[in-house]
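Just below is one structure, and these are the notes that go with it.
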């Protein structure tokens, strides 16, 4: 085995591990592979022909080169995380003794608060009567995103048999092959029942997907994004609507009402509660706005 092929061989083993043992989605696996192929190329250019030969100063040099190329801090954090995971795998397999990425941090990223919808905006989007099968399908998807906080990939992967009106609970498999149970709200349940009645008009006879396209096959994620954006435009919502905005709204409104961060974490399927904590900032913004608008001493009277 040549020197460069040793990098590629270890990388191929790691990709198989992600796909078959960790059961990551193909999208995630492809992302890991792209990041590591880029790092592998850099290693080859710097006469590093085996992953265990990578040292901490090499990792810092690679990080600096990516930073000079204009790569954003969030992307650098992801690339470091991918490298860190690779070395954990190599150590497990006995191919490396230590993890040179451990302790190295990317430049801090200012965390942007996710955009959410308020009750009036959601009303304009969801309090609409669908007529055609496509409209009923789109409304069911919108209601389900907001009712259950689904990710786009989770909604697309839903099977018809997963939905039982008598037991309005969805069992979905999210990131890292983690399973969670999600309630379906009454309005989403009604929208789904209406969609199920007309689904045979679109679905191919052997299609098992809950949501199908006009061609009768499982709907594509890009199609979901386009249909939701179109729905917002048609129903006069002055925003660029995407599935994750509905998921953000689900989380923010639930936290605002309950204050139960752990419950929201569980429903969203976040592995780390720090990911969920961003919604506490959204909640604080809402409380601050209420205070500014209503407290008699919040604003100094002038003149």
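Key figures for this structure:
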item: For 252, 5, order by how many other beta-carbon atoms lie within 10 Å, fewest first; result: 5, 252
item: Evaluated over the range 59-185, the Cα radius of gyration and Dmax, each in Å; result: 21.6, 63
item: 20 Å tail of the calculated P(r), the range 114-207, as % of Cα pairs; result: 38
item: Those residues of the range 59-83 whose amide nitrogen sits under 13 Å from the label point placed on residue 104, 7 Å along Cα→Cβ; result: 59-67, 76-83
item: The range 209-246 residues near the modelled residue 124 label - backbone nitrogen below 18 Å, point 7 Å along Cα→Cβ; result: 228-243, 245-246
item: Mean separation of Cα contacts under 8 Å, 6 or more apart, over the residue count of the range 3-92: relative contact order %; result: 35
item: In nm, spacing of pseudo-spin labels at residue 6 and residue 93 (7 Å Cα→C-beta vector); result: 1.4
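No lab work stands behind these numbers, since they all come straight from the coordinates. In this text, all values refer to a predicted model and were calculated from it rather than measured experimentally. Every residue, glycine among them, receives a Cβ derived from its backbone with ideal geometry; neighbour counts consider all protein chains shown.
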